[in-house]
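I am attaching a structure below and will ask some questions about it afterwards.
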Amino acid sequence: MKNTNLENIKNELDSLMNELGIEAELKVSLGEKTEEEETINIQIESPEAASLIGFHGETMHALQLISSFLCHKQLDKWVRVVVNIGDYRQKREEQLKNLALSIAMRAKFSKETQIVPNLNSSERRFVHMFLADNPDVYSESEGEGRNRVLTIKPKV
């Protein structure tokens with residue numbers, strides 16, 4: 001991927017922020033590249049961070065979706081886009097780790113499936129990856145659309 005592509009993506013996102021009337025500093029960079037996918041990281045710093053993050057990160061995820069379409073338009077291929085505003089993503093991942101460990105312990109000791117509702121797809125993916133090597137439990141996603149939930153089950 002060329003640096004000019006990243007600059008064009010940054011310029012498009014800067015224009016979007018200007019149109020929305022939001023003062024923000026953006027950094028667009030290449031993330032991890034695996035055989036399956038490339039990642040573009042977009043870091044946003046703004047005095048209006050809370051508005052950009054939204055309730056439970058919903059606005060940030062909407063910005064991520066829009067950014068994904070902008071990247072596709074620029075690159076003519078789909079890449080994984082990760083938007084972070086301030087240090088929200090790091091804080092949320094720490095919360096998810098604590099939640100996953102707590103529920104995994106509950107599943108292990110109660111020997112019952114535990115359900116974790118209200119996680120978006122990237123949060124479910126993070127928990128799946130976090131618990132992947134856990135010797136006591138495993139996780140699955142069940143349901144469809146907005147009714148999709150994460151389940152943590154004890155290993156028998």
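The values are calculated or read from the model by the stated rules, or taken from the named source; none is laboratory data. All figures in this text were calculated on a predicted structure; none of them were measured in a lab. Cβ sites come from the backbone with ideal geometry, for glycine too, and all protein chains shown count toward neighbours.
Mind checking whether some residue in region 96-105 is within 14 Å of the chain's Cα centre (by Cα) and over 23 Å from residue 128 (Cα atoms)?
Among the residues of region 96-105, not one is within 14 Å of the chain's Cα centre (by Cα) and over 23 Å from residue 128 (Cα atoms), which makes the answer no.
Of all residues in region 13-51, which are closer than 21 Å to residue 69 by Cα and part of a helix (DSSP H, G or I)?
Once the filter is applied, which keeps residues that are closer than 21 Å to residue 69 by Cα and part of a helix (DSSP H, G or I), region 13-51 yields 13, 14, 15, 16, 17, 18, 19, 20.
Mind counting the residues in region 82-95 that are crowded, with 18+ Cβ neighbours inside 10 Å and in a loop (DSSP other than H, G, I, E, B)?
Summing the residues that are crowded, with 18+ Cβ neighbours inside 10 Å and in a loop (DSSP other than H, G, I, E, B) in region 82-95 gives 0.
State all residues of region 127-156 that are part of a loop (DSSP other than H, G, I, E, B) and buried (at least 16 other Cβ atoms within 10 Å of the Cβ); if no residue qualifies, say none. It would help to see each step written out before you state the result.
At the first step, the residues of region 127-156 found to be part of a loop (DSSP other than H, G, I, E, B) are 132-136, 143-144, 148, 155-156.
Listed by number, the list holds a single entry, 134.
Let me ask something else about it. Restricting to region 96-121, and then to whatever is part of a loop (DSSP other than H, G, I, E, B) and without any contact (Cβ under 8 Å) to a residue 40 or more places away in the chain, can you tell me which residue is nearest to residue 152 (Cα to Cα)? So that I can check it myself, show each step before the final result.
The initial filter retains those residues of region 96-121 that are part of a loop (DSSP other than H, G, I, E, B), namely 111-113, 117-120.
Restricting the remaining residues to those that are without any contact (Cβ under 8 Å) to a residue 40 or more places away in the chain gives 117, 119.
Values: 117: 11, 119: 13 Å.
Top of the filtered list is 117.
Next up: Would you confirm, using the coordinates I've provided, whether residue 80 is charged (D, E, K, R) and not assigned by TED's automatic domain parsing to the domain that holds residue 25? So that I can check it myself, show each step before the final result.
Working: charged (D, E, K, R): yes; not assigned by TED's automatic domain parsing to the domain that holds residue 25: no.
Against the criterion (charged (D, E, K, R) and not assigned by TED's automatic domain parsing to the domain that holds residue 25), residue 80 does not qualify.
Let me ask something else. Only residues that are free of Cβ contacts under 8 Å to residues at least 60 places away in the same chain, surrounded by 11 or more Cβ atoms within 10 Å (Cβ to Cβ) and closer than 16 Å to residue 77 by Cβ: list them for region 1-27, please.
If the condition is that a residue be free of Cβ contacts under 8 Å to residues at least 60 places away in the same chain, surrounded by 11 or more Cβ atoms within 10 Å (Cβ to Cβ) and closer than 16 Å to residue 77 by Cβ, then 6 is the only one that fits.
One line per residue, one yes/no per condition, for (1) surrounded by fewer than 16 Cβ atoms within 10 Å (Cβ to Cβ); (2) at pLDDT 95 or above:
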{"site": "32", "(1), (2)": "yes, no"}
{"site": "38", "(1), (2)": "no, no"}
{"site": "43", "(1), (2)": "no, yes"}
{"site": "55", "(1), (2)": "yes, no"}
{"site": "72", "(1), (2)": "yes, no"}
{"site": "80", "(1), (2)": "no, no"}
{"site": "97", "(1), (2)": "yes, yes"}
{"site": "114", "(1), (2)": "no, yes"}
{"site": "125", "(1), (2)": "yes, no"}
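Okay, next question. In this structure, is residue 83 touching a His at 6+ places or on another chain (Cβ under 9 Å), among the β-branched types (Val, Ile, Thr) and farther than 25 Å from residue 55 by Cβ?
Working: touching a His at 6+ places or on another chain (Cβ under 9 Å): yes; among the β-branched types (Val, Ile, Thr): yes; farther than 25 Å from residue 55 by Cβ: no.
So residue 83 fails the test.
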